Structures are given as structure tokens and as C-alpha cells.
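The next block holds one structure in the form of C-alpha cells; read it before the comments.
No value in this document is a laboratory result; all are computed from the given coordinates. What you see is a predicted model, and the numbers here were worked out from it, not measured in a lab. Positions of Cβ are generated from backbone atoms using ideal geometry, with glycine treated the same way; all protein chains shown enter the neighbour counts.
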Amino acid sequence: MFQWENLEQQLFLIDALIKAYPNHKILVTSTTPTGSKAVSEQYQNKILHYYFPFDIAFIVKHYLKKIQPDLCLLLETEIWPNLIHTLYKNNIPTLLVNARLSERSLKRYQKFTTLTTHTLNKLSVIATQNQNSAERFY
């Protein structure tokens with residue numbers, strides 16, 4: 001399962017995963033028709049696309065029960081507390097890949113330190129775009 005908004009910029013990752021894991025089902029989620037269209041045009045029936053639900057605990061729980069992911073990749077700034085918490089509770093590895101955190105976003109997250117720390121600590125991996133983002137995440 002993947003969740004991101006800049007799908008057009010991340011197609012290389014999907015291509016690499018299709019090549020590396022040809023026998024696995026790959027599900028890409030997005031919240032926009034643009035993301036859905038990009039998946040359909042690029043991959044036809046090679047991968048699945050679902051719209052990502054609102055990050056409300058009972059909705060996320062139902063959604064994950066339906067799709068049963070083995071792994072979740074979140075890209076860049078896709079930090080969804082209820083999704084991450086539910087994945088963690090169900091022992092599903094969750095990776096934040098190509099992560100970035102601007103100084104401005106850091107200040108906003110610091111207003112909710114407990115929630116932010118609690119959420120980020122449940123991620124299996126945080127792989128940042130650069131050293132500045134790495135320092136802000138840690």
C-alpha cells in the first residue's frame with residue numbers, strides 16, 4: 001500500500017517495486033482524481049488504486065481490514081496519525097520515504113509534540129530527502 005499526493009513524481013518507485021516484486025499486489029492510494037488518473041493511465045491493470053479515506057480511526061481500521069496490506073509506504077509529508085497508529089497496532093511495517101520537513105512545518109508539529117512524537121515513533125523507517133530534514137525529524 002502506498003499513500004502520496006505527488007504521484008507523477010514518484011512513478012519510478014512503483015516501477016522499481018513492480019520489477020522487484022512481480023508476484024505481489026501493489027495498491028496505490030491517493031485523495032484526488034488526478035492521482036487516480038495517473039495510476040490508471042500509467043499502469044492500467046498492473047496495480048490497484050483506491051481513494052484514501054479520511055484519517056478517522058474507525059474508518060482507517062475498516063479500510064485496512066479490507067485491503068490487508070503487508071507493508072505501507074508513505075511519501076514525503078504523508079503523516080496520518082490514525083493510519084500510522086492502526087498499522088502499528090497490526091504489526092504492519094510503515095516507512096516514510098523521501099521524507100521532508102521544512103522549518104515552518106516543524107514549528108507547526110511542535111505545537112502538538114505529544115501527538116507528533118507518538119506518531120513518528122511508530123514508523124518503522126524514516127528515510128529523508130536531505131540532512132536538514134533528517135535533523136528536523138530527529
What are the chymotrypsin sites (Phe, Trp or Tyr not before Pro) within region 17-108 that DSSP puts in a loop, where the Cβ has at most 13 other Cβ atoms within 10 Å?
PHE54
Computed from the beta carbon distance with a Förster radius of 25 Å, FRET efficiency for THR117 and THR31 to the nearest 0.05 stands at 0.50
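Calculated FRET efficiency, GLN44 and TYR138, Cβ-Cβ r, R0 30 Å, to nearest 0.05? Walk me through the numbers before you get to the answer.
Numbers: r = 40 Å, r/R0 = 1.34.
Efficiency computed from Cβ-Cβ geometry: 0.15.
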FRET efficiency estimate (nearest 0.05) - Cβ-Cβ, ARG108 to LYS19, R0 41 angstrom
0.65
Using the Cα atoms as the points, what is the convex hull volume per residue of the chain in Å³?
114 Å³
Fewest-first ranking of ARG100, ARG108, using other Cβ atoms within 10 Å as the exposure measure
ARG108, ARG100
Charge dipole (debye, nearest 20) of the chain; +1 at Cβ of Lys and Arg, -1 at Cβ of Asp and Glu:
380 debye
Cα pair count fraction exceeding 17 Å, expressed as % - region 30-79
45 percent
